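For reference, the structure is listed below as structure tokens.
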């Protein structure tokens, strides 16, 4: 079994939104919607300021509330890498998953189904990185298998300090931010 | 007069015309299908290499066409500039093709200038009209009275046509409104310019100093990639900026400088480095000229002297000076790019050059490398007619070191005054002059004196709104262009080629330039049938072919030494043949031979200095309507320090207007109250608040810095326009 995760180095990220735009073109995301986005967190008082820039998206949680809240089984854990996906045909657009997601990672596609980041599973299954990872000009994003101790993501998490978003939500997020 | 060599400047602008007679006839018929591709829809995915045009960096890219439709675009891994990764603008560039607001057919004005009332005409009608008007201007005033404002590689052939017509009044705001002072300052010091792409060895620097340069927000692709590499390696980064930029958040030292006082800081840094003998003594002894006079001059500028000017504590000045010296010669004091700030910009750039000279970083690993460009013979054209008059932009060499490129503001001035001779026609290519030149009113005043204003553009930009004739161009994704052979670490040549058909009756620039030339009786200057023949001829001259480039997109030359330490003989093309710490040519022209600091004018009470800069998702005022980029940033916001916002009762996210000291009131803009900026200035991203009614997605979205820049300080050395000299206050009537 593989457990896919993304490790993002906030010390290198410049928040340029290339990941967001690459996702839009790769996945034909409808105009005005996005599956990933940039968050900036500023703290301190000028001129002693800290800034953390994060590329955010669905956390492909190990305990995904969107899957348990889905009445039809459309939201599910994919059998490869634990990626959380939505089966468009089974989705009735009831928005239960939108309400349950602590990361606000989902939206209703104009065609009526819940949509979100897929970790570009169509690329990953061909051996490619997700579009956002492969386009990033700062090389701040890494994708791989946490069950493989030799993977780049496993090594980075062993060597570097990191945090996840809202760990207190108890969903077991799989996007890690190096600090 | 001075040693600034035209040759060096021309290297940047990429002029490509030669001389010799090859003449073939060519009719006036409009030939259909210029740059048409994909005659029939091919099922599946086709990958076509090309190079980007969303900014001027010209990154090699691969466009994906899926079932005959443009899908996405990625970096070409073989391209040395993009290294397989585009910036967000490049990635979103596909939407330039899909922009629903694109111009579709040639337009001729039917009411007053600026009323944006048009009648659609055929290409034949539009070009006939332009040719007739140009010939009239030529008869009445001479060919030099026709000027061309052109930005980027796409202007190559229009420049050729205008030169063949008999005018050398060809300019781009990218000089006197952007990097001009930097190039002049470096040329005066090292005898060479920084160039584009900048010859900065960021990835190998051990200490990187950024002064106002906001890499990461300013997405010059290779530089940002190397910046991230430097961050990862633990390069010591020092950022000097009134705003806590993204780059500042990666820095070891952040110096929140009072705007306009950079020269004071630079002098104090050099004072410490010289006094404590921290400079590269061998390098300075070997290559420096006038070091003693320089050292004597700067001995007065202590960190204690600089403190009240800059607001930077003396100890921090000393610490950062020592930090730089610790890593020399791999200490890169970045020269910046947009450097027209206060009107003393050549001297500030010279101070930056001198600090680099003290670090011994010019020609050294981690500093400034020596670039190469791919040698491709120019196409042989007949010689251009010899102009009767010198270019109009700089009469009597008022700005003695404005060499190599013309001053756009100088041409505007001549258009207003008619002196030294009248300018009666403007052709404008890929530069939105009402946004790119300071003082919009002056631009509009100049336009009123014209007999002809032609704008070639993709979208109905602001400047197109003032035109007599608007010519719709195809985007970079739908055309061939001149080859890119820019100087870089390694020589390379890249091709732009069409990847999809244009959606309407748009034409490529080369076709427009050729058709116009033929109507002006200048067909002998276009001996080639089409651009493919032109490109193939040039490429064959370099032992390559168009077919090869169409497949590969980019071809690189051999790796060659790029540092002095690799065996390159140092050469400095200055009058002394050395690095000029003391500049006799400046002294002879009446300027300070060693930079001096002059305290800038301060904002009146209740006013704030207006600063502007870049966002990663937009280029100038050109991309705001591209759907993918539009949705990332639909309007700009006003950065205001939180304490100031509190004092003035400004709420985050509320709309306000700005009023400058000349009473000009901006469009409404959202307040962004933040700890990331000083209390004496405000900041906005350039390019918004556009006033073209036809460009609905951008019409009055956000505020325009250009509109508020009614004042500018002209650099007496090279004529650059310092634009960070305007003060604004808040207005609540929105």
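Coordinate-derived values only; no laboratory data. All values reported here derive from a predicted model rather than from experimental measurement. Note that each Cβ is placed from the backbone with ideal geometry, even for glycine, and that neighbours are counted across all protein chains shown.
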Which of B:266, B:433 comes first, and how do the rest follow, when ranked by fewest Cβ neighbours within 10 Å?
B:433, B:266
Helix B:221-233 vs. chain B, principal-axis angle (Cα, 0 to 90°, nearest 10):
30
Residue exposure sequence - A:6, B:718 - by fewest surrounding Cβ within 10 Å
A:6, B:718
Got the relative contact order for chain A handy, in percent, Cα pairs under 8 Å and 6 or more residues apart?
32
I'd like the distance between the alpha-carbon centres of region B:682-734 and region B:618-651, rounded to an integer number of Å.
13
Determine the shielding of peptide A:45-56 by partner chains: average, over its residues, the number of Cβ atoms on other chains within 10 angstrom of each Cβ.
5
Suppose only helical runs count, i.e. DSSP H with n ≥ 4. What mean residue ellipticity at 222 nm does that imply for chain B under -39500 (n - 2.57) per run, divided by all residues and rounded to the nearest 500 deg cm²/dmol?
-8000 deg cm²/dmol
May I have the convex hull volume per residue, in Å³, for the Cα set of region A:2-44?
123
I want to verify the translational diffusion coefficient of region B:386-465 in µm²/s; compute it with Stokes-Einstein, Rh as the Kirkwood radius over Cα pairs, at 25 °C and 0.890 mPa s.
183
Report, to one decimal in Å, the Kirkwood hydrodynamic radius for chain B based on all distinct Cα pairs.
26.3
Report, largest value first, the span of the C-alpha coordinates of region B:206-258 along each principal axis, in whole Å.
29, 21, 13
Average partner chain C-beta neighbours within 10 Å, per residue of A:130-142?
5
Starting from the exponent 0.38 and prefactor 2.2 Å, build the expected Rg for the protein assembly as shown from its residue count and divide its actual Cα Rg by it.
0.94
Shape call for region A:97-179 from the C-alpha gyration tensor, a ≥ b ≥ c root eigenvalues: rounded (a/c under 1.5), prolate (a/b greater than b/c) or oblate?
oblate
Enter the angle in degrees (range 0 to 90, nearest 10) between the Cα long axis of helix B:156-165 and the first principal axis of the Cα atoms of chain B, meaning the one along which they spread out most.
70
State the Cα centre-to-centre distance between region B:366-390 and region A:126-171 in whole Å.
47
Rg followed by Dmax, in Å, when region B:257-413 is reduced to its Cα trace:
20.0, 63
Space enclosed by the convex hull of the alpha-carbon atoms of region A:4-178, per residue, Å³:
129
Compute the projected area of the convex hull of the Cα atoms of region B:299-364, averaged over all viewing directions, and report it in nm² to one decimal place.
5.2
Take every Cα pair under 8 Å in chain B that's 6+ residues apart, average their separations, divide by the length, and report that relative contact order as a whole percent.
21
Taking the Kirkwood radius as the inverse of the mean 1/r across Cα pairs, report the Rg/Rh of region B:424-539.
1.02
What do the square roots of 5 times the Cα gyration tensor eigenvalues come to for region B:553-683, in whole Å, largest first, as semi-axes of the equivalent ellipsoid?
43, 28, 14
Between region A:66-99 and region B:591-613, how far is it from one alpha carbon centroid to the other, in angstrom?
58
For region B:154-277, the spread of Cα positions along each principal axis, largest first, Å:
57, 33, 26
Could you work out, residue by residue across B:90-96, how many beta carbons of other chains sit within 10 Å of that residue's beta carbon, and then give the average as an integer?
5
Sort A:101-107, B:256-262, B:553-559 by the packing proxy (mean of other Cβ within 10 Å over each peptide's residues), most packed first.
B:256-262, A:101-107, B:553-559
In degrees from 0 to 90, rounded to the nearest 10, what is the angle of the helix B:262-275 Cα long axis to the longest principal axis of chain B?
50
Size of region B:549-628 as Cα extents on the principal axes (Å, biggest first)
60, 53, 23
One quarter of the convex hull surface, Cα atoms only: what value does that give for region B:608-731 in nm²?
8.2
